[in-house]
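Report on the structure given below.
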Amino acid sequence: MAKKTGGSKQKLRVVRALPALKGVIAEYRTRHKTIALVPTMGALHAGHLALVQSAQRRADRVIVSIFVNPAQFAPNEDLKTYPRTFAKDLAALRHAGADLVWSPDVKTMYPDGFAMRIVPDGPASVGLEDRFRPHFFAGVATVVAKLLIQCEPDFAMFGEKDYQQLKVVTRMVRDLGLKTRIVGVPTVRETDGLALSSRNAYLSPAERQTALILSRTLKECASGLRADKPVDDVLDRGSNAIKAAGFVLDYLEARNADTLAPLQSGKKEPTRLLVAARIGTTRLIDNLAV
Ligand code: PAF
């Protein structure tokens, strides 16, 4: 039986070594407790806490992993400066009623001589994030596979905010026959529409204001597509609006919501709008169902 969602202060275990993690998991299993994993890189915000709540609704015990995964950052990306707020994260998780934080160091996750990489295909090679961050999904797939093997969860929660990542992980679990069920959780937004992201911390107040163009444009494009306006026109208008606001646009695309393949003309199919754009030194992504 899944337990009630948090809010009360309770004992949060913090574990950094694999034998200790395995000990706690064995204890959960002996007591017939189901387990949900929330994989994170820390710098937790309300979007992560929504994942924790969703996990609490499904499982008896909630493990949150906090590991800034070097394998998913390219040399020119923000690994060194990625926000690290461990003490604050623990306080938030304690308050949310999570049970266990799994926070290995890099040597524990990737011991000397580590020579393994999962290189996903399918939704990982559709010309979206993979076009701009070619190293990214192998890094994510490898670490998520390790986290699933380490934590042995019944469920693992992933935000729809990283929609392509959600699809890649779902496919990986299916293709490798892993027993964990991957659960997608809707994006949490500020009241003005900005999708919550740890990288929002990089935005200046002016950039944060400008960033609202992304969610606005997605909404407008979704209305246009629902009204059967031509896809190319809708996306052109949207792209121009994002660029005019001051962003460098990586992509604004309408894709099949399941496979992420380009839409086939004249065919009705479940559709997802996805955007990635850069402002100053910050790269933001967002997406919306049509
Ligand atoms: O979405 C993230 O925070 C990361 O990509 C994940 C899934 C925790 C893997 O490092």
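The values are calculated or read from the model by the stated rules, or taken from the named source; none is laboratory data. Computed from a prediction, not measured in an experiment: that's the story for all the values here. We place every Cβ from the backbone using ideal geometry, glycine too, and count neighbours over all the protein chains shown.
Checking the stated criteria, G238 turns out not to satisfy the condition of being surrounded by fewer than 17 Cβ atoms within 10 Å (Cβ to Cβ) and either closer than 16 Å to S223 by Cβ or not acidic (D, E) (or both). Could you look through segment 124-144, keep only residues that are small (G, A, S) and crowded, with 20+ Cβ neighbours inside 10 Å, and pick out the one that is nearest to the ligand (Cβ to nearest atom)? Among them, the one singled out is A141.
Of A26, A50, A71, A59, all but one fail to be within 22 Å of D154 (Cβ to Cβ), under 17 Å from the mean Cα position of the chain (by Cα) and of a type in the set (A, V, I, L, M, F, W, C); the exception is A50. Of all residues in segment 240-276, those being at pLDDT 95 or above and under 29 Å from P120 (Cα atoms) number 24.
Residues are listed down the side, and each one gets a yes or a no for (1) among the acidic types (D, E); (2) closer than 21 Å to T187 by Cβ; (3) in a helix (DSSP H, G or I); (4) free of Cβ contacts under 8 Å to residues at least 12 places away in the same chain:
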| position | (1), (2), (3), (4) |
| --- | --- |
| K219 | no, yes, yes, no |
| D228 | yes, no, no, yes |
| G238 | no, yes, yes, no |
| I242 | no, yes, yes, no |
| D250 | yes, yes, no, no |
| E253 | yes, yes, no, no |
| T259 | no, yes, no, no |
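Is it fair to say A50 is assigned by TED's automatic domain parsing to the domain that holds V169, touching a Phe, Trp or Tyr at 6+ places or on another chain (Cβ under 9 Å) and among the aliphatic types (A, V, I, L, M)? Against the criterion (assigned by TED's automatic domain parsing to the domain that holds V169, touching a Phe, Trp or Tyr at 6+ places or on another chain (Cβ under 9 Å) and among the aliphatic types (A, V, I, L, M)), A50 does not qualify. Going through (1) part of a helix (DSSP H, G or I); (2) in the same structural domain as I25 (by TED's automatic domain parsing) one by one, L178 falls short only on (1).
With a requirement of 3 or more residues that are modelled with pLDDT of 95 or more and away from the ligand (no atom under 15 Å from the Cβ), the helices (runs of 4 or more DSSP H) lying completely within segment 27-110 that satisfy it span 46-58, 86-96. Contact annotation: residue pairs with Cβ atoms under 9 Å, 6 or more positions apart or on different chains, pairing a residue in segment 147-169 that is under 15 Å from R181 (Cβ atoms) and near the ligand (Cβ under 9 Å from one of its atoms) with a partner that is in a helix (DSSP H, G or I) and among the hydroxyl-bearing types (S, T, Y), are F158/T170. When M116 is tested against (1) more than 17 Å from V15 (Cα to Cα); (2) touching a residue at least 60 places away in the same chain (Cβ under 8 Å), exactly one condition is not met: (2).
Of everything in segment 185-201 that is modelled with pLDDT of 95 or more and of a type in the set (S, T, Y), the residue that is surrounded by the fewest Cβ atoms within 10 Å (Cβ to Cβ) is T191.
For every residue, the table says whether it meets (1) over 24 Å from G47 (Cβ atoms); (2) of a type in the set (D, E, K, R); (3) buried (at least 17 other Cβ atoms within 10 Å of the Cβ); (4) in the same structural domain as S125 (by TED's automatic domain parsing).
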{"residue": "P205", "(1), (2), (3), (4)": "no, no, no, no"}
{"residue": "S215", "(1), (2), (3), (4)": "no, no, yes, no"}
{"residue": "G224", "(1), (2), (3), (4)": "yes, no, yes, no"}
{"residue": "I242", "(1), (2), (3), (4)": "no, no, yes, no"}
{"residue": "A245", "(1), (2), (3), (4)": "no, no, yes, no"}
{"residue": "R255", "(1), (2), (3), (4)": "no, yes, yes, no"}
{"residue": "P262", "(1), (2), (3), (4)": "yes, no, no, no"}
{"residue": "P270", "(1), (2), (3), (4)": "no, no, no, no"}
{"residue": "A277", "(1), (2), (3), (4)": "no, no, yes, no"}
